[in-house]
Structures are given as structure tokens and as C-alpha cells.
Amino acid sequence: MKYEILSNPNFAIAKVEFEQTGEQIVLEASAMVAKSTELQMKTEMRGGLMGAAKRKLLGGESLFQNTFTASSAGETIWFAPPGSGDLMTFDMDGTEPVFMSSDNFVACGPDIDLDTKWQGGKGFFSGTSMFMVRADGTGPLFVGSYGGIHAVEVGPGGYIVDNNHIVAFTGGLDYDLRSVGGLKSFFGGGEGYVCEFRGQGTVWVSTRSADALARFVHPFRPVKSSN
């Protein structure tokens with residue numbers, strides 16, 4: 001298959017064209033935008049009931065995922081992340097896993113395995129998932145974000161990233177979650193928690209945070225009068 005990312009970084013969408021009969025791609029639920037009529041779709045729990053339930057309960061992913069199979073060459077499918085933002089592709093070669101925030105997975109090839117990794121209790125208190133999704137295997141992996149995506153190279157000095165801006169990172173990195181700013185910052189809407197990365201690798205960060213957007217619009221929400 002061949003694929004391209006269009007309309008990025010603000011409203012990214014992926015177009016995949018299948019080059020052979022039987023080629024497949026797996027999409028997160030609701031990611032599909034449009035497809036060829038002949039392209040076959042099968043909804044299933046990848047990894048069986050236990051594997052799907054683990055991803056749902058721990059990683060926040062959908063219980064069911066959709067597998068699309070080409071019935072002939074030239075068929076196409078379009079898909080996108082749920083929010084306004086960017087979309088990036090990892091061409092996985094099986095040598096190193098990729099970790100991503102649980103709500104950033106969009107699609108992957110059939111030979112990519114998804115699992116969850118606990119990131120510690122602080123993930124819960126910072127308003128993010130307690131789990132990261134680990135991707136292993138070979139083939140394309142599509143990861144979305146809210147806002148644009150930029151790569152940050154991590155070297156001997158390490159790097160610190162706000163928890164709500166992490167899109168993905170390479171498996172060779174270690175990290176610790178820690179608070180910044182103290183209780184005043186946490187309850188006042190400050191930075192809250194960050195990830196301190198160590199080792200050699202790459203972290204992809206988003207230019208915007210859905211959590212920050214929610215805090216921004218909260219004062220303007222309609223309030224129903226008690227009268």
C-alpha cells in the first residue's frame with residue numbers, strides 16, 4: 001500500500017491506496033472518513049476478548065477496531081484523528097517499539113501489535129491516562145494529535161515535556177513523571193505534571209493540549225439559572 005498525509009497540520013487526513021488484493025489496514029473506531037465501495041470492512045476485537053478489554057479498560061481505546069481488506073488494487077480509504085490537528089506515520093521495522101498516548105492511536109498495518117504500559121499513578125492525577133500504548137511489529141503506524149506535531153531529540157542531558165503534550169516517543173527512552181509548581185500551580189491550572197525523559201531517542205510533542213483548551217473554555221460555558 002501507499003499512503004500520504006493531506007491538509008496537515010491543522011486538519012490532517014490520511015489517504016491510503018492499496019496496491020495488491022488482500023492488503024489490510026486497521027482503524028480505530030470512528031476514524032474512517034471515506035472508502036472505496038468494494039473495500040471490505042470487518043469489525044473485531046483484535047487480540048481476542050482479553051486483549052481488547054485490556055486496551056479498552058487500561059488504555060482508553062475502543063473495544064472494537066475495524067479491519068479493511070482490499071478486494072483489488074487501486075482501492076482507497078481516507079481516515080483522520082477525531083480532533084483538529086496533525087497526523088504522522090511511523091514505518092515500523094520491528095527493531096524498536098513506539099509508545100504513544102492512549103488517545104493518539106489512529107490506524108496501523110495488520111502486523112502491528114498494540115499493548116498497554118502503566119505510566120504510574122501520577123498520570124491519573126494529572127488528568128491524563130495512566131497508561132501508554134506500546135506498538136511493536138512491522139508496517140505503518142498512524143498517530144494523531146491535537147495541534148501540530150514536532151520532534152524533539154533527547155540526548156545525555158534529558159528533556160522535560162508537559163504530560164498533556166506528549167504524542168509519542170521511541171522505546172529507547174526512559175522517563176519519570178513528576179510534579180512541577182507545587183499544589184498552588186496544580187489547583188490554579190498551572191503545569192501540573194511533566195515527563196522527564198532520559199536516554200537517546202525522540203519525543204514527538206503537540207503544539208496544543210485538549211486539556212488546556214478545556215480549561216480555557218470552561219469560564220465561558222453556559223450556566224443554567226436556578227430561577
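Summing +1 for each Lys or Arg and -1 for each Asp or Glu, what net charge is found among the other residues whose Cβ lies under 12 Å from the Cβ of THR202? Neighbour charge sum, excluding THR202 itself: -2.
At an R0 of 22 angstrom, the distance between the Cβ atoms of GLU17 and THR37 translates into a FRET efficiency of 0.90. Diffusion coefficient of region 1-49 by Stokes-Einstein, Kirkwood radius over Cα pairs, 20 °C, 1.002 mPa s: 168 µm²/s.
Values quoted throughout were computed directly from the atomic coordinates according to the rules given, and no laboratory measurement underlies them. Just so you know, these numbers come straight off a predicted model, no measurement behind them. With ideal geometry, Cβ positions are generated from the backbone for all residues, glycine too; neighbour counts draw on all protein chains shown.
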